[in-house]
1. Please enumerate the residues belonging to the range 143-157 that are open to solvent by less than 70 Å² (accessible area, probe 1.4 Å) and either at pLDDT below 90 or polar (S, T, N, Q) (or both).
2. Select from the range 45-54 the residues that are of a type outside the set (Ser, Thr, Tyr) and touching a Ser or Thr at 6+ places or on another chain (Cβ under 8 Å) and write down the one among them that is surrounded by the fewest Cβ atoms within 10 Å (Cβ to Cβ).
3. Which count do you get for residues in the range 158-193 that are over 19 Å from residue 29 (Cα atoms) and open to solvent by less than 30 Å² (accessible area, probe 1.4 Å)?
4. Kindly check whether there is at least one residue in the range 148-170 that is within 20 Å of the chain's Cα centre (by Cα) and over 30 Å from residue 117 (Cα atoms).
5. List, please: which pairs have Cβ atoms under 7 Å, are six or more places apart or on different chains, and start with a residue in the range 55-66 that is within 12 Å of residue 42 (Cβ to Cβ) and open to solvent by less than 10 Å² (accessible area, probe 1.4 Å) and end with one that is in a helix (DSSP H, G or I) and of a type in the set (Asp, Glu)?
Amino acid sequence: MKVLIINGYEVFEGVGAAKLNNSLVDMEKEIFEKKNYEVRVTHVDKGYEVEKELENNLWADIIFIQTPIYWFNIPGKFKSYIDKIYTIGNAGSMSNGDGRTRSDLSKKYGSGGLLTNKKYMLSVTANYPKEVFEENNSFFDGLTQDQTLIPLHKTYQYFGIQKLPTFSIFDVFKNPNVDSDIIDFKKHLEINF
């Protein structure tokens, strides 16, 4: 099994030192390597070569995304990574299968992904509390965590990549519970891998 871990963390003033996300990436890598998986890791904030990253995405059986949530979305550099890598991949190596094309508009949009033999998992850290997803009259108006992450899910669905259950760590600044979160994280990986 081949795993690409994408660390979407971006350093900028006013945000923590990436200890949690980097620690999770280190744990993911260690857990996968103990299972004899081949592992490649990309730290988006440290830079990358576009063609090599496209190759990494095509190489992987599993794409594991570790990212914080900034202002209810992924960090800007991670969004730029997606724009650059997947725009190139969309030219033929990741989509274009049997889906909608300029010459055949009758096909179902988003049905032509060529990477149906791959899976992805999102692991996110955020400062909002878990309760905002459990109460209808709360901040997210009854949406689930996955519904708030729909742009990421749809990106991978577009290429035909199969979704694995999302893992979330909540309240990372105001009410952290890191020890318990790490135990839950390891269980989540064990159940799904």
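The values are calculated or read from the model by the stated rules, or taken from the named source; none is laboratory data. Predicted, not measured: the structure shown is a model, and the values here were computed from it. Don't worry about glycine lacking a Cβ; one is built from the backbone with ideal geometry, like all the others, and counts go over all protein chains shown. To get the accessible areas, we keep the full protein, side chains included, count just its heavy atoms, and leave off ligands, DNA and RNA. Shrake-Rupley method; radii C 1.70, N 1.55, O 1.52, S 1.80 Å.
1. Going through the range 143-157, the residues open to solvent by less than 70 Å² (accessible area, probe 1.4 Å) turn out to be 144-146, 148-149, 152-153, 155-156.
Within the range 143-157, 144, 145, 148, 155 qualify.
2. Step one: list which residues in the range 45-54 are of a type outside the set (Ser, Thr, Tyr), which gives 45-47, 49-54.
Those still in the list that are touching a Ser or Thr at 6+ places or on another chain (Cβ under 8 Å) too: 53-54.
Numbers: 53: 21, 54: 19.
Applying the filter and picking the extreme gives 54.
3. Filtering the range 158-193 for residues over 19 Å from residue 29 (Cα atoms) gives 158-163, 170-177, 180.
Next, only the ones that are open to solvent by less than 30 Å² (accessible area, probe 1.4 Å) stay: 159-161, 171.
Adding up the residues that qualify gives 4.
4. So in the range 148-170, the residues within 20 Å of the chain's Cα centre (by Cα) come out as 148-170.
Remaining after also requiring over 30 Å from residue 117 (Cα atoms): 170.
Within the range 148-170, one or more residues are within 20 Å of the chain's Cα centre (by Cα) and over 30 Å from residue 117 (Cα atoms).
5. 64/28; 66/28
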